[in-house]
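**Student:** Submitted below is the structure of interest, expressed as structure tokens.
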Amino acid sequence: MPAIRLLASTLALLLCSGCGGPYIARFDRPLPSTPEQARRVEALSSVYVLVEPGEGASLKGPDGVLTSLGLSLQENASRRPEAAELGRALARALAGQGVGVTAWRVDGGGPDPFASALKPASVLRVSPERLGIGKTKTTVKRQRTDASGNTVEEESPTWHLTARFTVQARLVLAAGELEVDAFSESASAAKDSATDPDLSSWYREQRVLLAAAAARKIAARLARKTLRRKRPLFEKPGDRESQQATRLARQGRWGQAEKLWRARAARDGAGWTDTWALGVLAEKAGRDAEARALFEKARLQGEGAKELRRLDWAALLAELPTTVVEARPRDPDLSWFEPRVAVLPFSDETTSVDGPVLARQLVHAALAAGGHVVLPLAEVDERLRERGFTQGGQLKAAAPEKLARWLDAGRLVFGHIEYYQTLPAKAVSGELWLWDRQARARVWTAKSWAASEPFVGQDQELVKKASDLSWSRKLLMPTAETLRFARRAIGTLPQRP
């Protein structure tokens, strides 16, 4: 309420500025050192980003995915964009703004099994809403003259594509769930086409781009270090030097204006307008206690001045804290990512020889990209061969404790591919789980699927680097779908930006 009252009084002064009122200075100042801001700084020093996919974005996929071999466009359009894409983009955007990101992951539901081990200062919960896409057609009639000189009327159709993506965000302290901030950000896109476009291609393209755009907006809001303020600068009537100082400030030459105001304030009988201006300068620099004292001094000096009577002093002083609170940020605790991870050969129920191999290679690449210390696959295979294991289905004969000891690994990733189809459409389905040596138990399980998924962006190059299978063989396989399968599953594990 004080901020609203102060805004109203400032707007009143602004409206009067066109009829001889004061100049309204607009400036960015450092965020005040309030308890709320200190809490915010501490929260952003170690953030755990948790993406909540919500209804309509099941990690397991819809019923019948293995028979329908993919989602129809209508079903796809009603789903939220890929949660893992949003989480990855948001973590990178936050890190780029200087926020300390401990980890990000997609929430699979239920109690979080990793929060206590990650030890974050805060949790940023983000929930993407449904991606709205649309296509409308308009026809414009135009006239032209043909070669015979006759006027010909033609219809020119235009298709207008739109997409909009909104994300709800809530930053809470990890201890006690105290809310630090809550807001929403949106990103939108539009495109005109002279030919009837494929709406499904538009959806897939914008799903990635809008998630990245929304992530940048969220990061910019959370990481902002300045606050926009508006303050009037008053002049002494008929005083050219006072007018010159205000003119310099209006031109952005604040340093020269400050010299004039300080020189005038040092003289005997300094006016309240100069004291007020020095208060604005102090606030602009973030020296709130000094600004508060100067504003109150100007109020006493200019007692009875109508310009000062128009101000909401309660709201003004409330924006200038008297007590400075020192924030105590901390570095993210990354110890959870230290154990070595071995991705074991996958078992399967398919007739594909290369499918489980490719899935394992892309899961390995996804883990490495997420900041995990992953053992080379060739090293894992060599050590297993020394013990007589060459296939994923054989690993049931060995206890996980023995496998971890043989591989000198702190964690083991098991995989089972249930479905791997190339024709008539491409689809992949399976399950991954993580066994932890310290916990001596399975600590994570994820069912994943993908169907009819084309490559997006640089994904094709990523697959070429991650897999040693020939590209001609991969072209015949559900390769893009396998990459999406791996990313969806590993996205529910903590990842580094």
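**Student:** For segment 348-364, check the following and say yes or no: at least one residue is more than 23 Å from the chain's Cα centre (by Cα), of a type outside the set (Asp, Glu), at pLDDT below 95 and in a strand (DSSP E or B).
**Tutor:** No - not one qualifying residue is present in segment 348-364.
**Student:** How about segment 365-386: which of its residues are under 30 Å from Val101 (Cα atoms) and either β-branched (Val, Ile, Thr) or not in a helix (DSSP H, G or I) (or both)?
**Tutor:** Step one: of segment 365-386, the residues under 30 Å from Val101 (Cα atoms) are 365-377.
Answer for segment 365-386, where residues must be under 30 Å from Val101 (Cα atoms) and either β-branched (Val, Ile, Thr) or not in a helix (DSSP H, G or I) (or both): Gly370, Gly371, His372, Val373, Val374, Leu375, Pro376.
**Student:** Would you confirm whether any residue within segment 299-311 is closer than 30 Å to Gly98 by Cα and without any contact (Cβ under 8 Å) to a residue 40 or more places away in the chain?
**Tutor:** Start the filter on segment 299-311 by keeping residues that are closer than 30 Å to Gly98 by Cα, which leaves none.
Checked against the condition, which is being closer than 30 Å to Gly98 by Cα and without any contact (Cβ under 8 Å) to a residue 40 or more places away in the chain, segment 299-311 yields no hits at all.
**Student:** Do you know which of the residues in segment 180-204 that are within 18 Å of the chain's Cα centre (by Cα) and charged (D, E, K, R) is surrounded by the most Cβ atoms within 10 Å (Cβ to Cβ)? Talk me through it step by step, then tell me what you get.
**Tutor:** Quick first cut of segment 180-204, residues within 18 Å of the chain's Cα centre (by Cα) only: 180-189.
So of that shortlist, the ones also charged (D, E, K, R) come out as 181, 185.
Numbers: Asp181: 17, Glu185: 19.
Here the residue is Glu185.
**Student:** For the subset of segment 229-245 comprising residues that are farther than 17 Å from Leu311 by Cβ and of a type in the set (D, E, K, R), which member is surrounded by the fewest Cβ atoms within 10 Å (Cβ to Cβ)?
**Tutor:** As a first pass, look at segment 229-245 and keep what is farther than 17 Å from Leu311 by Cβ: 236-245.
Within this subset, residues satisfying the condition of being of a type in the set (D, E, K, R) are 236, 239-241.
Numbers: Lys236: 16, Asp239: 14, Arg240: 10, Glu241: 13.
Among those that are farther than 17 Å from Leu311 by Cβ and of a type in the set (D, E, K, R), it is Arg240.
**Student:** Now for a different question. Consider only pairs whose beta carbons are under 8 Å apart and that are at least six residues apart or on different chains; among these, list those whose first residue lies in segment 163-181 and is under 30 Å from Arg204 (Cα atoms) and in a loop (DSSP other than H, G, I, E, B) and whose second residue is at pLDDT 90 or above and of a type in the set (Phe, Trp, Tyr).
**Tutor:** Qualifying pairs under 8 Å: none.
**Student:** Something else: It is to be established whether one or more residues within segment 184-206 are under 23 Å from Ala223 (Cβ atoms) and either hydrophobic (A, V, I, L, M, F, W, C) or part of a loop (DSSP other than H, G, I, E, B) (or both).
**Tutor:** Yes, segment 184-206 contains at least one residue that is under 23 Å from Ala223 (Cβ atoms) and either hydrophobic (A, V, I, L, M, F, W, C) or part of a loop (DSSP other than H, G, I, E, B) (or both).
**Student:** Quick one: which residue in Glu241, Glu235, Glu258 is more than 28 Å from Asp312 (Cβ to Cβ), outside the structural domain of Val99 (by TED's automatic domain parsing) and among the acidic types (Asp, Glu)? Give the derivation first.
**Tutor:** Numbers: Glu235 fails: more than 28 Å from Asp312 (Cβ to Cβ); Glu258 fails: more than 28 Å from Asp312 (Cβ to Cβ).
Matching residue, one of Glu241, Glu235, Glu258: Glu241.
**Student:** Looking at (1) within 40 Å of the chain's Cα centre (by Cα); (2) without any contact (Cβ under 8 Å) to a residue 40 or more places away in the chain; (3) surrounded by fewer than 19 Cβ atoms within 10 Å (Cβ to Cβ), which one does Ala223 not meet, given that it meets all the others?
**Tutor:** (2)
**Student:** How many residues, within segment 421-478, are under 26 Å from Lys396 (Cα atoms) and either at pLDDT below 75 or of a type in the set (Asp, Glu) (or both)? Working first, answer last.
**Tutor:** So in segment 421-478, the residues under 26 Å from Lys396 (Cα atoms) come out as 421, 428-449, 467.
Those still in the list that are either at pLDDT below 75 or of a type in the set (Asp, Glu) (or both) too: 431, 436, 467.
Residues in segment 421-478 being under 26 Å from Lys396 (Cα atoms) and either at pLDDT below 75 or of a type in the set (Asp, Glu) (or both): 3 in total.
**Student:** If I ask for residues that are of a type in the set (Ser, Thr, Tyr) and within 28 Å of Gly491 (Cβ to Cβ), which ones from segment 34-49 would you list? Before the answer, list the steps.
**Tutor:** First pass over segment 34-49, keeping only residues of a type in the set (Ser, Thr, Tyr): 34, 45-46, 48.
The answer is Ser45, Ser46, Tyr48.
**Student:** Restricting to segment 136-154, name every residue that is of a type in the set (D, E, K, R) and part of a strand (DSSP E or B). Let's see the steps before the verdict.
**Tutor:** If we filter segment 136-154 for residues that are of a type in the set (D, E, K, R), which is where we start, we get 137, 141-142, 144, 146, 153-154.
Listed by number, the residues that qualify are Lys137, Lys141, Arg142, Arg144, Glu153, Glu154.
**Student:** Looking at (1) buried (at least 20 other Cβ atoms within 10 Å of the Cβ); (2) of a type in the set (D, E, K, R); (3) free of Cβ contacts under 8 Å to residues at least 12 places away in the same chain, which is the one condition that is false for Arg385?
**Tutor:** Arg385 satisfies all of (1) buried (at least 20 other Cβ atoms within 10 Å of the Cβ); (2) of a type in the set (D, E, K, R); (3) free of Cβ contacts under 8 Å to residues at least 12 places away in the same chain except (1).
**Student:** Do you know which residues across segment 116-160 are surrounded by 19 or more Cβ atoms within 10 Å (Cβ to Cβ) and touching a Leu at 6+ places or on another chain (Cβ under 8 Å)? Show your work before the answer.
**Tutor:** Of segment 116-160, the ones surrounded by 19 or more Cβ atoms within 10 Å (Cβ to Cβ) are 118, 120-124, 126-128, 131, 133.
Ala121, Ser122, Val123, Leu124, Val126, Pro128, Leu131, Ile133, listed by residue number.
**Student:** Here's a follow-up. If I go through segment 387-410 residue by residue, how many of them are part of a loop (DSSP other than H, G, I, E, B), out of contact with any strand residue (DSSP E or B) (no Cβ under 8 Å at 6 or more places or on another chain) and among the charged types (D, E, K, R)? Spell out the reasoning first.
**Tutor:** Start the filter on segment 387-410 by keeping residues that are part of a loop (DSSP other than H, G, I, E, B), which leaves 387-391, 398-399, 408-410.
With out of contact with any strand residue (DSSP E or B) (no Cβ under 8 Å at 6 or more places or on another chain) added as a condition, the list becomes 387-390, 398-399.
Narrowing further to those that are among the charged types (D, E, K, R): 387.
Here the count works out to 1.
The values are calculated or read from the model by the stated rules, or taken from the named source; none is laboratory data. This is a predicted model, so every value here is computed, not measured. Note that each Cβ is placed from the backbone with ideal geometry, even for glycine, and that neighbours are counted across all protein chains shown.
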